[in-house]
Amino acid sequence: MRNFMLTLCYDGGRYRGWQRQGNTDNTIQAKTEGLLSRLLGQEVELAASGRTDAGVHARRQVCSFRAETELSTEFMLTELRKYLPEDIGALALTEAPPRFHARLSCREKTYLYRVWNGGEPNVFERRYQYRFPEPLDLDAMRAAAETLLGEHDFSAFCAARIKKSAVRTLTDIRIERRGGEVRLSYTGSGFLYNMVRILTGTLLEVGTGQRSAESVFDALESRERGKAGFTAPPHGLILWDVRY
């Protein structure tokens with residue numbers, strides 16, 4: 001039995017997220033597993049570094065799987081590139097150490113959220129940016145972001161009831177403007193369901209003056225979802241990088 005590491009990128013716009021679901025095969029996992037299973041003549045189960053939501057994209061998603069095969073990684077990668085849908089790309093396929101697991105071995109992830117904050121329309125990027133034309137105070141947003149760094153219980157920034165620990169560690173939040181675009185990047189050990197999108201919505205509320213930087217820390221301490229901001233839409237979010 002060989003262990004493999006597969007690196008993907010994808011446009012998640014037409015998919016119902018990463019995770020395989022019982023009532024549809026329209027997920028990234030289902031499409032990729034189905035092709036690998038046919039190619040290798042056996043059931044293949046992919047483990048990913050994390051589960052992206054419906055409509056969320058990935059610049060670099062790392063997966064692992066085990067299979068009994070004599071096929072070379074070069075041949076398998078060529079076949080994946082040939083037959084995967086055009087909005088799912090196979091970037092690399094290598095043989096991994098026996099104990100490697102895409103999720104359990106992951107040390108750190110970075111998500112990028114793109115906001116179009118310009119006045120004029122940006123039609124060619126509209127599927128990958130959240131259009132938010134209101135003026136933003138980036139310094140206030142950065143001050144609020146500072147209160148979120150470190151190890152905290154992020155229950156207030158999760159869209160689902162937490163069965164296990166909601167404690168996560170954010171090591172870096174960067175907010176920068178590139179012309180009409182504002183980029184928010186989040187790096188941490190792990191992320192809860194909708195966490196990045198809720199963090200983004202909350203920081204955008206700070207940027208427009210709807211809430212103070214102090215209220216963000218108060219929401220964090222409360223552990224109540226209702227105390228945090230709105231959930232930014234999925235199409236502006238990209239799983240940017242994964243590190244091991």
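The values are calculated or read from the model by the stated rules, or taken from the named source; none is laboratory data. The shown structure was predicted, so the numbers you read here are calculated from the model rather than taken from an experiment. As a convention, Cβ positions derive from the backbone with ideal geometry for all residues, glycine included, and neighbour counts pool all protein chains shown.
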Of all residues being touching a residue at least 60 places away in the same chain (Cβ under 8 Å) and of a type in the set (D, E, K, R) in the stretch 60-94, which is farthest from Met5 (Cα to Cα)? Just the residue, please.
Asp87
Kindly provide the set of residues from the stretch 199-244 that are β-branched (Val, Ile, Thr) and within 19 Å of the chain's Cα centre (by Cα), ordered by number.
Thr200, Thr202, Thr231, Ile238, Val242
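Taking only the stretch 1-59 into account, find how many residues are outside any loop (DSSP other than H, G, I, E, B), in contact (Cβ under 8 Å) with a residue 40 or more places away in the chain and not hydroxyl-bearing (Ser, Thr, Tyr). Reasoning before the result, please.
Residues of the stretch 1-59 outside any loop (DSSP other than H, G, I, E, B): 2-10, 12-14, 21, 24, 28-40, 47-48, 57-59.
Checking which are in contact (Cβ under 8 Å) with a residue 40 or more places away in the chain leaves us with 2-10, 12-14, 28, 31-32, 35-36, 39, 47-48, 57-59.
Now drop any that are not not hydroxyl-bearing (Ser, Thr, Tyr), which leaves 2-6, 8-9, 12-14, 28, 31, 35-36, 39, 47-48, 57-59.
Residues that pass the stated criteria total 20.
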Looking only at the stretch 107-131, and only at residues there that are touching a Leu at 6+ places or on another chain (Cβ under 9 Å) and either of a type in the set (D, E, K, R) or modelled with pLDDT under 95 (or both), the one that is farthest from Thr52 (Cα to Cα)
Arg114
Go through the stretch 112-128 and give me each residue that's of a type in the set (Lys, Arg) and assigned to a loop (DSSP other than H, G, I, E, B).
Arg126, Arg127
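Would you mind finding the one in Ala213, Ala159 that is modelled with pLDDT under 95, surrounded by fewer than 22 Cβ atoms within 10 Å (Cβ to Cβ) and farther than 22 Å from Gly50 by Cα?
Values: Ala159 fails: farther than 22 Å from Gly50 by Cα.
Being modelled with pLDDT under 95, surrounded by fewer than 22 Cβ atoms within 10 Å (Cβ to Cβ) and farther than 22 Å from Gly50 by Cα holds for just one of Ala213, Ala159, which is Ala213.
Among the candidates Arg225, Arg183, which residue alone is in contact with a Cys (Cβ under 8 Å, 6 or more places away or on another chain), at pLDDT 95 or above and either outside the structural domain of Gly17 (by TED's automatic domain parsing) or of a type in the set (A, V, I, L, M) (or both)? Spell out the reasoning first.
Values: Arg183 fails: in contact with a Cys (Cβ under 8 Å, 6 or more places away or on another chain).
Among Arg225, Arg183, only Arg225 is in contact with a Cys (Cβ under 8 Å, 6 or more places away or on another chain), at pLDDT 95 or above and either outside the structural domain of Gly17 (by TED's automatic domain parsing) or of a type in the set (A, V, I, L, M) (or both).
Please work out if Ala232 is part of a helix (DSSP H, G or I) and in contact with a helix residue (DSSP H, G or I) (Cβ under 8 Å, 6 or more places away or on another chain).
Numbers: part of a helix (DSSP H, G or I): no; in contact with a helix residue (DSSP H, G or I) (Cβ under 8 Å, 6 or more places away or on another chain): yes.
For Ala232, the condition - part of a helix (DSSP H, G or I) and in contact with a helix residue (DSSP H, G or I) (Cβ under 8 Å, 6 or more places away or on another chain) - is not met.
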Could you check, for the stretch 148-162, whether at least one of its residues is under 21 Å from Glu108 (Cα atoms) and either part of a helix (DSSP H, G or I) or not assigned by TED's automatic domain parsing to the domain that holds Leu220 (or both)?
yes
If you go through the stretch 68-111 one residue at a time, how many are more than 22 Å from the chain's Cα centre (by Cα), surrounded by 12 or more Cβ atoms within 10 Å (Cβ to Cβ) and in a loop (DSSP other than H, G, I, E, B)?
3
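Does Arg142 qualify as being within 25 Å of Ser222 (Cβ to Cβ), in contact with a strand residue (DSSP E or B) (Cβ under 6 Å, 6 or more places away or on another chain) and not aromatic (Phe, Trp, Tyr)?
Working: within 25 Å of Ser222 (Cβ to Cβ): yes; in contact with a strand residue (DSSP E or B) (Cβ under 6 Å, 6 or more places away or on another chain): yes; not aromatic (Phe, Trp, Tyr): yes.
Taking the combined requirement at face value, the residue satisfies it.
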